[in-house]
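Please read the structure below before turning to the comments.
Values in this text are rule-based calculations from the coordinates and carry no lab data. Only a predicted model underlies this, so the values are computations on that prediction, with no experimental measurement involved. Here the Cβ is made from the backbone with ideal geometry for all residues, glycine too, and neighbour counts use every protein chain on show.
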Amino acid sequence: MPQVNTLTKKNNKSEITEMLKLLNGISSDKIENDSNLITTKILSSQEYQKSDCIAVYLNGPNEFSTESIICDIFIRGKKCYVPCRIGESMEMVKLESLEDYRSIGPNNLDELGFLKQNKQNREIAYLIHLRYLNGSSYDVYLMKCRQWAKPPLAMAPAFDIQILIDNELPVNEYNQNPDIILTPTQIR
């Protein structure tokens with residue numbers, strides 16, 4: 001399976017610098033275009049359509065945009081969960097409305113005090129931000145999820161330049177590969 005360049009502390013400094021330059025070099029038009037292509041794949045996927053609960057990251061600059069997915073979740077009457085740091089760990093917390101999403105912004109993940117943690121429904125089409133794999137909070141959380149009776153599907157959106165086929169990335173005991181990697185040109 002191809003690996004995803006994840007920009008973690010485990011990678012060497014030159015690899016991180018090189019990938020950051022590539023990601024920072026993506027134009028806003030390309031980010032928007034690629035995000036639209038990937039979003040179309042996600043929204044039309046059978047897994048997304050049949051899931052009542054979707055966990056999705058809140059993107060920052062130069063990242064795959066999740067806003068259209070979050071809007072679609074509420075339009076379709078699904079439950080929307082976003083990652084939130086609780087101490088050293090990460091949990092998914094429920095957004096009650098699109099207004100909740102718009103009020104927090106992408107950089108306020110640690111300030112979701114008004115959200116209530118809700119872990120009752122385990123049917124999540126899980127959307128991961130690739131930059132945080134390889135022993136990160138996402139990996140630890142996904143490892144816990146994979147112990148559920150019905151674990152979520154891990155769908156990872158990425159730009160094509162983030163996919164590495166021949167290079168080996170450092171891993172640790174927490175590394176969790178996504179079930180599906182979606183790029184503008186590939187589904188893996």
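Placing one equal scatterer on every Cα of segment 17-106 and applying the Debye formula, the log10 ratio I(q)/I(0) at q = 0.23 Å⁻¹ is -1.19.
Say the cut-off is 26 Å between C-alpha atoms; which of 79/144; 41/78; 21/50 go over it? Listed pairs above 26 Å: 21/50. Between residue 150 and residue 72, the FRET efficiency estimated from the beta carbon spacing at R0 = 30 angstrom works out to 0.85.
If you plug the beta carbon distance of residue 185 and residue 98 into 1/(1 + (r/R0)^6) with R0 = 30 Å, you get a FRET efficiency near 0.50.
Distance between the pseudo-spin-label points of residue 29 and residue 174 (7 Å out from Cα toward the beta carbon): 4.0 nm.
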